[in-house]
Amino acid sequence: MFGTLLRVAWTNFRRDRVALSLTFVLPVIFFSIFAGVFGNQRGSATRRIPVAVVDQDASEYSKALVAALEAEGALRVRTTRESEGRGGPLDRAGAEALVRDGDFPVAVVLPKGLGETRKFWGDTGTAAPRVQLLADVSDPIAPQVVQGLLQKVSFTAAPETMATAGLAMFEKYSGPLTSEQRASVDQWVSSMRRNRAAGSSGSNAAPAFGLPIDLVNVMQPGSGDTATISFYAAGIGVMFLLFSCAGAGGTLLEEEESGTLGRLISSRAGMSGVLAGKWLFIAMMGMLQLAVMFTWGALVFGLPLLPHIPGFLVMSAFTAAAAAAFGLVLATLSRTRAQLSGLSTIVILTMSALGGSMFPRFLMSETMQKFGLVTFNAWALDGYLKVFWRDSPLLDLWPQVLVLIGLTVAFLAAARMFARRWETV
Amino acid sequence: MKRYGATQALAGASIQLYAGELVGLLGPNGAGKTTMINAIAGRVRLDAGAVRLFGRTLARGDKRPELGVVPQELAIYPLLTARENLAAFGRLYGVTGADLKARVDWALEWSDLKDRAREITKRFSGGMKRRLNIACGLVHKPSVVLLDEPTVGVDPQSRERIYEMLAALRGAGVSIVLTTHHLEEAERRCERIVIIDHGAIVASGALNDLVSSTLGAARTLTLTLGQPLPVDAVVPAGAVIDESRRLLTSQVHDVGADVGRFLAAVNGAHGEVVDVAIAGSTLQDVFIALTGRELRE
């Protein structure tokens, strides 16, 4: 009996080209758009903060500062009026215009006399030139990041300059150095200058001053930004899975209208058999849909699918089962295809927004994260994140799997109850 | 008995069916025909009453493998072929293996769709879909078949073919109940007519019995005149004249005596009779007499 129901459903499905496209092609297109926009950004210019730099000083020190900013991996520095080094040096008015026009969130103006005064601590006085940050304050992140990096490079860009200024302050309050001391200091400063010129530059270079810090990636060693791809594969996958399952559940309404549902109910299948057969078929199609999308992600965007096959299969099976049951609930609640379409759009989009399919839950407020747990998407996505992002063992998926099983049972029971209206009147 | 809100859909209606019988279940729109069919098929929760099939009282939800139901809608899958449709419904009704193949082949032959067996039904004509719809209700070899308007929307040739199919079933001992609005078809094909109205059976029996019990032995006499009867001419008592004043009809009980008297009356009114027709009452006459001329829902 189930074999017959599955065979009928599969034959109807594979001969319906529109259904095939909506199930397999559309999610892949959407995922590709998201993956292209947000994922695999290593070395890409779009993730770095663009900053315009005006060097009014043109001293050895200010040039060292500019060079150090250009070497920072988090920044994309422009010092000319036009991009790619064209148009001549940027001036203050031009930098301000770039910020006002929204092309750059922040501009740095290194004033004339900065290299000469080189005051890092102590009483700088109002006459000392001050570095200006011209910022678009609607961006809360970029100006803070640039300010922090500017302070950092002021230590690391020309350490010999900082050392010389420090010793000048020392001599001011402690008296002049002896000739032997002077000679040692000069040697030390020359050494720093040579080291800097030798190319130990960049954000990962060991600084002459400040704490030595190593940035260690504990989440995905060696895999870079492919975890972001995994997030969007899961987010888009679950959302489109829900849409596909709602659409597939809608075949119940078509069968009711055509009269074939009445035939099926009168047969040995009965209403329970019909629902069970539909659920099984829709769940299998859902798994296939997820498999196609994740395989595409692996082939085109480097999604790390192969090392995570067991976890992927577990999460996809239980997610598809729950989504299929949910699709049947929506279908049995609706009286017409139009009602189903409207209801499923509102419910699924709301669940997807709250549950993290469109925006990562870990970036939401704590309240919203808790609220999102009422949605199906949140549990499914948490499971996928455990698999692909945290490399968790299979057993760690038990909370997500348990909730999805519970949702499956609850949804199937609800669908069976709502479907009674078709059995007898 | 069955009530839907304020509407009494079935008000004590009862029907019996005998082996190999073809019964026409007739009634105006909203009379309760489809509710009756659905009740027998187990799709209606009756407020009172029961369905008995071959001596077995059926509870709601009981499977009825002896029963084949052919709905008014074309309950077939448009993207499946004729053979696939028949095989699917056959399996769902418990027919398997070699028996299934034999039944599917029989159904295709019987419905004259053998040559189109491998074509998806979306491309079938209305008549072909109707025939397949009926065949799908019979592939599991039921003993009793309920057909709800089996010939709606099909051309005369397809209608003729459908009734040939039903005649073949009757010959095999299958009992058939069909609902239809085509009274002349029911008159010609059905052994017994059951008329239902407002949820109750208002007449049941062979056509002759219905006519004599409803309208009596009267015949309809129709005279066609060569020229319109003058406006001031006296129309014979009991006669009805049409707008053209060239057609007179009257009910006659004694053909031998009444026809001559009527002809003499018309001649006396200076009417020139060119044609005489005498016809018995039809099922339509009985139907209208029992259910009235008012429009229904």
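The values are calculated or read from the model by the stated rules, or taken from the named source; none is laboratory data. Remember, it's a predicted structure, so these values are computed and weren't measured experimentally. Cβ: placed from backbone, ideal geometry, glycine included. Neighbour counts: every protein chain shown. Keep in mind that these areas ignore ligands, DNA and RNA; they rest on the heavy atoms of the full protein, side chains included. Shrake-Rupley method; radii C 1.70, N 1.55, O 1.52, S 1.80 Å.
Descriptive notes on the structure:
- Pairs beyond 27 Å (Cα-Cα), from A:278/B:63; B:2/B:129; A:278/B:122; A:112/A:172; A:278/B:33; A:63/A:152: B:2/B:129; A:278/B:33
- Subtracting the Cα-Cα distance of residue A:314 and residue A:151 from 0.36 nm times their residue separation leaves 53.8 nm of extension gain.
- By DSSP, the beta bridges lying fully in chain B are antiparallel in about 60 percent of cases.
- Peptide B:73-81 has a mean shielding of 6, counted as Cβ atoms of other protein chains within 10 Å of each residue's Cβ.
- Ranking by accessible area, most exposed first, for A:177, B:147 with a 1.4 Å probe: A:177, B:147
- Summing charges over all other residues whose Cβ lies under 15 Å from the Cβ of residue A:312, with Lys and Arg as +1 and Asp and Glu as -1, gives -1.
- Protection proxy ranking of B:158-169, B:22-33 - average other beta-carbon atoms within 10 Å, highest first: B:22-33, B:158-169
- Student exercise, segment A:224-423 dipole from Lys, Arg, Asp, Glu Cβ charges, in Debye to nearest 20: 440
- Interface A:B - total buried accessible surface [probe 1.4 Å, Å², rounded to 100]: 2400
- Distant-in-sequence amide contacts of residue B:72, defined by a placed amide H-H separation under 5 Å and a gap of 5 or more residues or a different chain, comprise B:148.
- Annotation: amide H of residue A:77 within the under-5 Å range of A:51, sequence separation 5 or more or interchain, hydrogens built in the peptide plane.
- Placing R0 at 35 angstrom, the Cβ-Cβ distance between residue B:251 and residue B:106 gives a FRET efficiency of 0.10 after rounding to 0.05.
- Residue mean of other protein chain beta carbons inside 10 Å, B:90-99: 3
- Each peptide in A:141-151, A:366-376 receives the mean, over its residues, of other Cβ atoms within 10 Å, and ordering these scores from highest gives A:141-151, A:366-376.
- Estimated Rh, segment A:224-423: Kirkwood, alpha-carbon pairs, angstrom: 17.2
- Of B:273, B:144, B:104, the one that fluctuates the most in a GNM where chain B has Cα springs shorter than 10 Å: B:273
- The tail of the calculated P(r) for segment A:123-178, taken as Cα-Cα distances beyond 16 Å, holds 63 percent of the pairs.
- With all pairs of separate Cα atoms included, chain B yields a Kirkwood hydrodynamic radius of 21.9 Å.
- Exercise: per-residue mean of other protein chain Cβ atoms within 10 Å, A:265-272: 5
- Percent RCO, i.e. relative contact order, over chain A, from Cα pairs under 8 Å lying at least 6 residues apart: 17
- Percent carbon-and-sulfur accessible area, the protein assembly as shown, ignoring ligands, DNA and RNA, probe 1.4 Å: 57
- Taking A:351, A:162, A:293 as the candidate residues, the one with maximal mean-square fluctuation in a Gaussian network model of chain A, Cα springs under 10 Å, is A:162.
- Solvent accessible area, Å² - residue A:350, 1.4 Å probe, full protein context: 70
- Scattering curve values for segment B:29-152, log₁₀ I(q)/I(0), Debye with Cα scatterers, q = 0.20 Å⁻¹: -1.10
- The H on the amide N of residue A:91, modeled in the peptide plane, is under 5 Å from the matching H of no residue at least 5 residues off or on a different chain.
- Cα coordinate range in the protein assembly as shown, projected on the principal axes (Å, largest first): 160, 65, 48
- Based on the convex hull around the alpha carbon atoms, chain A presents an average projected area of 28.0 nm².
- Among A:79, A:345, A:178, residue whose mean-square fluctuation peaks in a GNM of chain A (springs only between Cα atoms under 10 Å): A:178
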